[in-house]
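This report refers to the structure that appears directly beneath it.
The values are calculated or read from the model by the stated rules, or taken from the named source; none is laboratory data. Every value quoted in this text rests on a predicted model; they were computed, and no experiment measured them. Glycine gets a Cβ as well: all are built from the backbone with ideal geometry, and neighbour counts include every protein chain shown. Side chains are part of the model used for accessible areas, which takes the heavy atoms of the whole protein and leaves out ligands, DNA and RNA. Shrake-Rupley method; radii C 1.70, N 1.55, O 1.52, S 1.80 Å.
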Amino acid sequence: MKLTGNLPSLLEALISGFRFTASLVVDPKGSSIGPIGNSKGLGNATDLELLKALRRNSKVVLTSGRTFRADQYRFPRAADLAVLTREGVSITVPEDRRLLLLSGGYQSSFEELRDAYGAVHVEFGETGIRELVSNRNLDALFISSTSADGVEAYLGREGLDGARFELADLFLAVVAWHSKIRPARG
């Protein structure tokens with residue numbers, strides 16, 4: 001389905017109501033790792049706007065140390081940042097936000113933030129996302145690609161099904177289900 005209209009409004013409509021999200025950008029073969037060993041260059045400007053909207057919708061962004069280092073992370077504009085790492089990270093923390101360093105597993109780190117924040121966006125690699133999906137922790141998983149084949153390849157490999165959209169120059173699948181939802185915190 002091709003979605004048309006104002007991009008920011010479309011993105012807000014797509015993500016509204018989801019409190020526990022994850023996103024992954026993939027190449028035309030469904031891989032989240034490009035030729036230079038990270039996800040840079042796999043997406044486009046529309047994908048970046050999707051990522052920004054998902055971050056705005058959360059109170060904390062959770063990533064792994066490996067993803068943090070590979071993608072040369074920048075702090076989210078409005079959310080706290082949590083990094084699952086045993087090695088630490090180096091980043092300038094804005095005055096009004098927090099950097100949390102977690103050392104548990106994918107599942108326990110997510111649960112800790114879910115309980116503390118009530119709205120979490122996850123930016124793990126495929127292994128971490130696969131664990132959260134298998135434990136039904138997320139409300140929605142957003143798979144994006146500049147190629148419809150990339151979205152289909154990822155979904156097929158992972159045994160997932162979702163609503164497919166074409167949004168400007170981006171192909172997107174939203175896999176949504178009922179997570180282990182807890183009441184929203186004020």
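Report whether or not residue 23 is among the hydroxyl-bearing types (Ser, Thr, Tyr), within 24 Å of residue 153 (Cβ to Cβ) and either in contact with a Pro (Cβ under 6 Å, 6 or more places away or on another chain) or not in a strand (DSSP E or B) (or both). Spelling it out, it is not the case that residue 23 is among the hydroxyl-bearing types (Ser, Thr, Tyr), within 24 Å of residue 153 (Cβ to Cβ) and either in contact with a Pro (Cβ under 6 Å, 6 or more places away or on another chain) or not in a strand (DSSP E or B) (or both).
Among the residues that make up the stretch 45-64, is at least one of them touching a strand residue (DSSP E or B) at 6+ places or on another chain (Cβ under 9 Å), farther than 21 Å from residue 144 by Cβ and in a loop (DSSP other than H, G, I, E, B)? Looking for residues that are touching a strand residue (DSSP E or B) at 6+ places or on another chain (Cβ under 9 Å), farther than 21 Å from residue 144 by Cβ and in a loop (DSSP other than H, G, I, E, B), one finds at least one in the stretch 45-64, hence yes. For the stretch 53-70, the candidate set comprises residues that are over 9 Å from residue 81 (Cβ atoms) and of a type in the set (A, V, I, L, M, F, W, C); within that set, the residue that is most open to solvent (accessible area, probe 1.4 Å) is 70. The residues on offer are 40, 2, 29, 52, and the sole one that is of a type in the set (Lys, Arg) and within 18 Å of residue 162 (Cβ to Cβ) is 2.
Within the stretch 164-174, if we keep just the residues that are among the hydrophobic types (A, V, I, L, M, F, W, C) and at pLDDT 95 or above, the residue that is surrounded by the fewest Cβ atoms within 10 Å (Cβ to Cβ) turns out to be 174. A count restricted to the stretch 138-157 and to residues that are of a type in the set (Val, Ile, Thr) and open to solvent by 40 Å² or more (accessible area, probe 1.4 Å) stands at 1. The selection criterion, being in contact (Cβ under 8 Å) with a residue 40 or more places away in the chain and out of contact with any helix residue (DSSP H, G or I) (no Cβ under 7 Å at 6 or more places or on another chain), does not hold for residue 74. Of all residues in the stretch 87-104, none satisfies being open to solvent by less than 70 Å² (accessible area, probe 1.4 Å), within 13 Å of residue 20 (Cα to Cα), of a type in the set (Lys, Arg) and touching a residue at least 12 places away in the same chain (Cβ under 8 Å).
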